[in-house]
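Inspection log for the structure reproduced underneath, given as structure tokens.
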2 protein chains.
Amino acid sequence: MNAHTPIVTAGPLPASRKIYLSGTAHPDIRVPLREIAVHPTAGEPPVTVYDASGPYTDPTVETDIARGLPRSRAALTLARGDVEAYEGRAVKPEDNGNLPAEKLTPAFPVQHPPLRARAGQPVTQLAYARAGIVTPEMEFVAIRENLGRQAAKAALARDGEPFEAEIPDVITAEWVREEVASGRAIIPANINHPELEPMAIGRNFLVKINANIGNSAVTSSMAEEVDKMVWAIRWGADTVMDLSTGRNIHNIRDWIIRNAPVPIGTVPLYQALEKVDGIAENLTWEVYRDTLIEQAEQGVDYFTIHAGLRLAHIPLTVDRVTGIVSRGGSIMAKWCLHHHRESFLYEHFEEICDICRAYDVSFSLGDGLRPGSIADANDAAQFAELETLGELTRIAWAKDCQVMIEGPGHVPMHKIKVNVTKQQKLCGDAPFYTLGPLVTDIAPGYDHITSGIGAAMIGWFGTAMLCYVTPKEHLGLPDRDDVKVGVITYKIAAHAADLAKGHPAAQLRDDALSRARFEFRWEDQFNLSLDPETACALHDETLPKEAHKVAHFCSMCGPKFCSMRISHDIRAEAQKEGMAAMAAKYRAGGDLYVPAAEAGAAEPAE
Amino acid sequence: MNAHTPIVTAGPLPASRKIYLSGTAHPDIRVPLREIAVHPTAGEPPVTVYDASGPYTDPTVETDIARGLPRSRAALTLARGDVEAYEGRAVKPEDNGNLPAEKLTPAFPVQHPPLRARAGQPVTQLAYARAGIVTPEMEFVAIRENLGRQAAKAALARDGEPFEAEIPDVITAEWVREEVASGRAIIPANINHPELEPMAIGRNFLVKINANIGNSAVTSSMAEEVDKMVWAIRWGADTVMDLSTGRNIHNIRDWIIRNAPVPIGTVPLYQALEKVDGIAENLTWEVYRDTLIEQAEQGVDYFTIHAGLRLAHIPLTVDRVTGIVSRGGSIMAKWCLHHHRESFLYEHFEEICDICRAYDVSFSLGDGLRPGSIADANDAAQFAELETLGELTRIAWAKDCQVMIEGPGHVPMHKIKVNVTKQQKLCGDAPFYTLGPLVTDIAPGYDHITSGIGAAMIGWFGTAMLCYVTPKEHLGLPDRDDVKVGVITYKIAAHAADLAKGHPAAQLRDDALSRARFEFRWEDQFNLSLDPETACALHDETLPKEAHKVAHFCSMCGPKFCSMRISHDIRAEAQKEGMAAMAAKYRAGGDLYVPAAEAGAAEPAE
């Protein structure tokens, strides 16, 4: 057993301390935030940042992968009185690919009986929100999203172009409830995932990012995938999708969920396909339905369901350069064409809703027809499916289910905005969740960058969550290093979007880091960055000595050409002159400030 | 001597062949393009791409760093009859930092007497253009920019949002002349840089990128910098700025220019400051003027001149978070404040024009007050200087000098577009040349990405050239690997901008690569990418065997889940059904195609 237990990276980030805030309506909740300390010479308070990393970065908590994280939400969920524990579905050999015992990833050591809604009870966050109930999850989210906002309110002028977003100065639990009730935000939180630290996805919240992990038939193991999950959230992934497609799917997922403080998403179709030996046309509603229940009982927080790809859409892909590039989409298309039948996901969508409603599994309605190349962007197939996703959204909402909508893919810059506009219109403002988009096809090996450009833009325009793309996209399965690069790139995109939307707390971190930079507090500059290790390592490549960490220059320009050092000299010089007064004069009278002696020379003859 | 000769990377890129096209009006010019061959099974012609790499990637040309590149333009320049060779300025000890012989970088082995305009003759591309003369440089540019456009014209529908850009279907030499005459484009081409392969910078041309190299007082040598220059153009840098600030500046620059097929830009102020021992207030017009002539004689193609930063602007920086972050800007500000005088660059701008005009050195009017943080973006200081840059543009144009304008810096996404709009208005549509901009401050170590986002957007909006930022920005001097990552990131940004502007030839490469991807032509996918080595290496990490280069899957999804493989199955299946006919039916009648049997189930009850 021990040989199989994954080793994960734990411990705080540099200069960082985990703090926990309690609720008012729900005093038992403990909302984690990260405080980054700055050097005492700065005379500044620590910078508080959102923290998706879970207990792993808290040195006072001992985590044990073989036991899983504390099940903090369990008591609150049970206290509602609308759920019941039951025996649950027995694990079947096909759940793990019919592997013999010696090849089987061991089952997670601790098994809990699953919960489900008592008959007829709606237990989704959407149902509570509509009923006017502020859940502990909603208050948790309000406190979490509010970081530093109250303190900073006086200091920060609102700035930005929010388009349709309406971000309040301060977030209240009641406001979170309203956002969830309207369908504009979701809180993915399966009642069987009590290890979860609740978070929200919606255009009026901080822009979130998702990291994909998961083994494939070709490579990787459970230990690697659990390590990647913990590693991804360490660097800021807000949710993690387990896209495993090889054997041992059931057991790998159990290890991941029991150790995940973030929502876990899956594409149940992948496991269903494994159960029919990879033959798409052999898929049945019964196999799929059984897989949904299996995964809902384990605690999956959101399902990608490709129910929007209909038989009628498939012919629209015939002239595409890259056909159907969604795995789920291509599987469903193959099934539909082979049987010449409407998609069983579309036909059984209401039953799917009934299952999701009983566990509060959120929908991530899949874009099976997303474009896989610049040539195919915004085509008839893509938008025909989007229309169906709007139809499915209304059905899911009628069933009290939480919904977000998946989006592209590959889209050149000038075609990005209409994706958001159409999605908001067709899907009634349900949160948008996009993969990139990549703004060009010509840079395999750098698709974290080609897609990071599109992600920042689409996040600004109103996308609520950005699914990361790693440097390995189109080329292979990402390893640990790729996961980190993907996460950091997408944290950049999401944060750039928050800044552009005018999120009231976003610029605090930029400003703190820029002040540190200007004052040569090198350690502070590293610590406030998204990746302190890399920032420090790059600096140390040329100036490794400790003394250089207080030097008033770096190797880029050297001491004599350091503009920041010179700027300090200028300020010192200007204090003699009273620069502020001069500035006021200049602002008041344009060129008035130009001294009389120079005024002639200041206007060169033509 | 040999110990000092740099070793550079030469040889063609994978599957690539250099071709040369001749001119019509000027049959002697040889315009290089790169043809990337695809696998015979594709049945496709090679893809022709722009090629800035010079003779180094042509295996039929033997290059020798110690002799320099062929001086192809020399005969044409002399033939015009308006220039004369003269003895030129003697190299002085202070040009190289007064170093003793043993520390001196050796002089470039071959020295040529410089050329300058005969008295009163205007020899700039702008002067010729205004006179209605189509120079060899203009025809060279027309052929170079036209790659594949004629051939592709029938196939390509124009698409994109060009804003104010007006990109013709096919470029003619006469059209290039008009663009240069109007000031909307420049062809930086010092008459003393005959090794140059001419290129154009303007919003109606392909978006260009610049790579900065240069030693600093802290680190690096001539050999490293020459190697970086050749390495940068290998990956696509269109121009290279030598920002050396240490000793040996004169000699290092000579080695670089004599081996550079791309325009070389400098900031003459850096060398001038070295000549006065790094004491800004000791700078004089005489030292600066002498430096301009020194560099113009060597063949520098464009000068960054920070003449727009005036004494009156400095007080506007007093409340900034990061003060003045331009090196040139901070040096000039210090000089102005110390003497409480108007900038000598501003006062002597007409004399600077006279020098540039005699050698056809283009202006890159520096933005000494560009913002160094999100907090300082688009502030009064920045825009006050931009107004002065507009004034200087008109002065330079009156002197027949070519001009481009430098821009920021650090700008959040929602504040990017106004930078372009203002620049175009204030500077009469002179080409814009921006550094990034970085869209957030919080990711040192990843500033190629934070700035790549802004660069793609500002390129789309109309910026003509993007100055790269490497991962080392803010942290240290970039090495060879950083240079490559910076160049590739900026090629992505520039290409994404070309696509979004609707450049008629841009999408050809995307489409060719996407077809290769869809058809599992792995080698073609690598070869058509911006960085074949990296794409192939990432693929091979998990599937290294040669057999996998023809496999119909990769390690990301494995064979069973490969959507592209399944898409091919779908196409095969659909051929039986006549998918094109079905598509036509669907397009004509919306849901009509949905078969009658499923029509009931297709509309789930609410």
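The values are calculated or read from the model by the stated rules, or taken from the named source; none is laboratory data. Computed from a predicted structure; not experimentally measured. Note: ideal-geometry Cβ built from the backbone for every residue, glycine included; neighbour counts use all protein chains shown. Ligands, DNA and RNA are excluded from the accessible area calculation, which covers all protein heavy atoms including side chains. Shrake-Rupley method; radii C 1.70, N 1.55, O 1.52, S 1.80 Å.
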*Which of the trypsin sites (Lys or Arg not before Pro) across segment B:205-251 are loop residues per DSSP, with 16 or fewer other Cβ within 10 Å?*
none
*Averaged over peptide A:412-420, how many Cβ atoms belonging to another chain are found within 10 Å of each residue's Cβ?*
5
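Using a 1.4 Å probe on protein heavy atoms only, how many Å² of accessible area do A and B hide from each other, summed over both chains and rounded to 100? Numbers along the way, then the final one.
Details: alone 25240 and 25270 Å², together 37990 Å².
By this definition, chains A and B bury close to 12500 Å².
Rounded if a/c is under 1.5, else prolate if a/b beats b/c, else oblate: with a ≥ b ≥ c from the C-alpha gyration tensor eigenvalues square-rooted, which is segment A:333-418? Don't skip to the answer; put the middle values down first.
Details: a/c = 2.69, a/b = 1.46, b/c = 1.84.
Cα axes put segment A:333-418 in the oblate bin.
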*Place a +1 charge on the Cβ of each Lys and Arg in the protein assembly as shown and a -1 charge on the Cβ of each Asp and Glu, then give the dipole magnitude about the Cα centre in debye, rounded to the nearest 20.*
120
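At a Förster radius of 22 Å, what calculated FRET efficiency corresponds to the Cβ-Cβ distance of B:GLU87 and B:ARG67, to the nearest 0.05?
Between B:GLU87 and B:ARG67 the formula returns 0.45.
P(r) tail for segment A:1-143, what percent of Cα pairs lie past 27 Å?
On the way: 4702 of 10153 pairs.
The calculated P(r) of segment A:1-143 puts 46 percent of pairs beyond 27 Å.
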*What dipole magnitude, in Debye to the nearest 20, does segment A:109-252 give about its Cα centre under +1 on Lys/Arg Cβ and -1 on Asp/Glu Cβ?*
300
*Copy-to-copy spacing for A:HIS338, label 7 Å out on the Cα-to-C-beta vector, in nm, shortest first?*
7.9
_Ellipticity estimate at 222 nm from DSSP helix runs (n ≥ 4, -39,500 (n - 2.57)) divided over the protein assembly as shown, nearest 500_ = -11500 deg cm²/dmol
*asked:* Taking each residue in A:499-507, count the Cβ atoms of any other chain within 10 Å of its Cβ, then average. What number comes out?
replied: 4
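Could you work out the mean count of beta carbons from other protein chains within 10 Å of each residue's beta carbon in B:531-537? Each step should come with its number before you reach the end.
Numbers: counts 5, 2, 1, 6, 8, 3, 2.
That average works out to 4.
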*Separation of the A:GLU533 and A:ASP481 label points, Cα + 7 Å toward Cβ, nm*: 1.2
*Accessible surface of B:ASP524 in the full protein assembly, 1.4 angstrom probe, to the nearest 10 Å²?*
10
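Kirkwood hydrodynamic radius for the protein assembly as shown: how many Å is it when counted over pairs of different Cα atoms? Present the calculation step by step, with values, prior to reporting the outcome.
On the way: mean 1/r = 0.0318 Å⁻¹.
31.4 Å is the Kirkwood radius here.
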*Calculated label separations, B:THR421, copies of the chain, 7 Å along the beta-carbon direction, nm*: 1.7
*Using only C-alpha atoms and all pairs of different ones, pull out the Kirkwood radius for segment A:454-505 in Å with one decimal.*
11.5
_At 0.890 mPa s and 25 °C, Stokes diffusion of segment A:395-447 via Kirkwood alpha-carbon radius, µm² per second_ = 196
*Taking a probe of 1.4 angstrom, what is the accessible area of A:HIS340 in Å², to the nearest 10?*
60
*From the Cα gyration tensor of chain B, with a ≥ b ≥ c the square roots of its eigenvalues, which class applies: rounded if a/c is under 1.5, or else prolate if a/b is larger than b/c, or else oblate?*
prolate
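Based on DSSP H assignment, which helices of chain A show an axial Cα extent of at least 27 Å together with a mean Kyte-Doolittle hydropathy greater than or equal to 0.0?
Values: long enough: A:380-398 (28 Å, 0.34); A:480-501 (31 Å, 0.10).
Once both thresholds are applied, what remains is A:380-398, A:480-501.
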*Does anything in segment A:34-52 have its amide N under 19 Å from the 7 Å Cα→Cβ label point of A:GLU546, and if so which residues?*
A:39-41
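For segment A:474-550, rounded, prolate or oblate, judged on the Cα gyration tensor with a ≥ b ≥ c (square roots of eigenvalues), a/c < 1.5 rounded, else prolate if a/b > b/c?
Working: a/c = 3.68, a/b = 1.13, b/c = 3.25.
Oblate, since a/c reaches 1.5 and b/c is not below a/b.
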*Stretchable slack from A:VAL110 to A:GLU281, in nm (0.36 nm times residue separation minus alpha-carbon distance)*: 57.9 nm
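Note down the relative contact order for chain A as a percent, whole number, built from C-alpha pairs under 8 angstrom at least six residues apart.
Working: 1202 pairs, mean separation 87.4, N = 606.
Relative CO of chain A lands at 14 percent.
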*When ranked by the protection proxy of mean other Cβ atoms within 10 Å per residue, highest first, what sequence do the peptides B:413-424, A:468-479, A:85-96, A:446-457 form?*
A:446-457, A:468-479, B:413-424, A:85-96
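I'm a student and want to see the number: the projected area of the Cα convex hull of segment B:347-466, averaged over all directions, in nm².
Working: hull surface 29.3 nm².
Averaged projected hull area, Cα only: 7.3 nm².
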*Any chance you could look up the accessible area of A:HIS539 with a 1.4 Å probe, heavy atoms only, rounded to 10 Å²?*
0
*Once amide H atoms are placed 1.01 Å from N in the peptide plane, what residues at a sequence separation of 5 or more from A:SER364, or on another chain, have their amide H within under 5 Å of its amide H?*
A:PHE303, A:THR304, A:ILE305, A:MET404
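What dipole magnitude, in Debye to the nearest 20, does segment B:410-535 give about its Cα centre under +1 on Lys/Arg Cβ and -1 on Asp/Glu Cβ?
Numbers: 13 positive and 15 negative charges, 109 e Å.
I would put it at about 520 debye.
Per residue, how many Å² of accessible area does segment A:19-119 show with a 1.4 Å probe? If you can, show how the numbers build up before the last one.
Numbers: 5520 Å² over 101 residues.
Roughly 55 Å² per residue, with all protein chains present.
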*Starting from a label point 7 Å past Cα on the Cβ side, list the distances from A:LYS103 to the same position in the other copies, nm, shortest first.*
6.9
*Do you know the Lys pair count in segment B:486-590 for C-alpha distances under 21 Å, with sequence separation 8 or more or different chains?*
4
_Once you place label points 7 Å from the Cα toward the Cβ at B:LYS425 and B:TYR20, how far apart are they in nm?_
4.8
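Quick one: pull the percent of accessible area on chain A belonging to carbon and sulfur, 1.4 Å probe, ligands and nucleic acids left out.
Details: 10060 of 18980 Å².
Roughly 53 percent, rounded to a whole number.
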